[in-house]
1. Any idea what angle helix 328-350 forms with the longest principal axis of the chain, computed on alpha-carbon atoms, 0 to 90 degrees, nearest 10?
2. In the chain, what % of DSSP beta bridges are antiparallel (nearest 5)?
3. Mind sorting 307, 369 by how few other Cβ atoms lie within 10 Å of their own Cβ, fewest first?
4. Compute a Gaussian network model of the chain, connecting alpha carbons closer than 10 Å, and tell me which residue from 302, 173, 124 fluctuates the most.
5. Give me 324, 283, 20 sorted ascending by neighbouring Cβ count inside 10 Å, so fewest comes first.
6. Answer with a single label: of (i) 109, 43, 39; (ii) 62, 44, 43; (iii) 60, 49, 43, which was calculated as Cα extents along the principal axes in Å from the structure in view?
7. Arranged from highest to lowest average of other beta-carbon atoms within 10 Å per residue, in what order do the peptides 51-64, 159-172 appear?
8. Tell me, what is the percent relative contact order of the chain, built from C-alpha pairs under 8 Å that lie six or more residues apart?
């Protein structure tokens, strides 16, 4: 088989890149190790920056998002028993975010790819990229007991943190920057109305909490927990009691509880691999970087990688611009590190790192400082809605 771009991974970044390239007449094949049902079963966040919303519109998969997505003009920070709202629209010249689940984004992209007839191989085994430093790279894999080879010009590694794309790179060719946090998030999903129409991020001496949602009748809540905790030790009653304890009294009183329909513990880490390009292989999204979920940047950061690679490849095939190919990593990393910084800051300022009361007071003072200043509120808002994508010229 031959194609122009081989994409490893059929998560949202791989599917979005494939869709955008397809609409420009750039042939691509996607290879995915898991089944479609498995890909859709991944529970992930769903706060979409303006840039990702616009990419989905450009990809012509925005119909359901426009109908079902919930536009958010702001969010709340709670600390010291008070609540401060960050008005995103007012501090960013009208920009907003949209709550629309990552699973829904993936489903929309899957359906569009199926309808277009573009080639996707699911449940592929032993996926391996080859010869990425040559002009004739390829990807091999097994499917239904048969060996397949895809000859291509470029390979996009969109296969996540544990994927083969980054693992195929020699250890001495890549530099890893990482911070693993000493706690996790215990999250539950419940068929209950959200306690607020906007997200609430809570700093409390007992630990961090987050009130989020997937829809008007599907709520997502989190509390900071120990990495040694097990979900079995957290009954629904214990979870709701702990969540209430970390929220201001007015919010805690308004909380509507119900049986959990999903419960899990997620560890937190910051991670960046440099560079993000190795010859004609490009790392995209979680294959190159991970952020703690505090700043709602994971999916959005992957989307900015897709934007950059899509425009570089579009100019390569439509205008013959070979000079842009080598700039992918440096362009992406400029934005990656700014998003890593914001996610690190949000994590550092909202979570309990120790029992030292001095640290708690410092966090409260910094939150008070930022929310008492127009410049501080603007800084938070600009980062939360997403920094601008770099124009590819």
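1. 20 degrees
2. Counting only bridges with both partners in the chain, antiparallel ones make up about 75 percent.
3. 369, 307
4. Looking only at 302, 173, 124, the largest GNM fluctuation is found for 173.
5. So the residues, fewest neighbours to most, are 324, 20, 283.
6. Evaluating Cα extents along the principal axes in Å on these atoms matches (ii).
7. Those peptides, ordered most packed to least, come out 51-64, 159-172.
8. Contact order relative to length: 20 percent.
Every number in this text was worked out from the coordinates using simple rules, so none of it is lab data. Note that this is a predicted model, so its numbers are computed, not measured. Cβ sites come from the backbone with ideal geometry, for glycine too, and all protein chains shown count toward neighbours.
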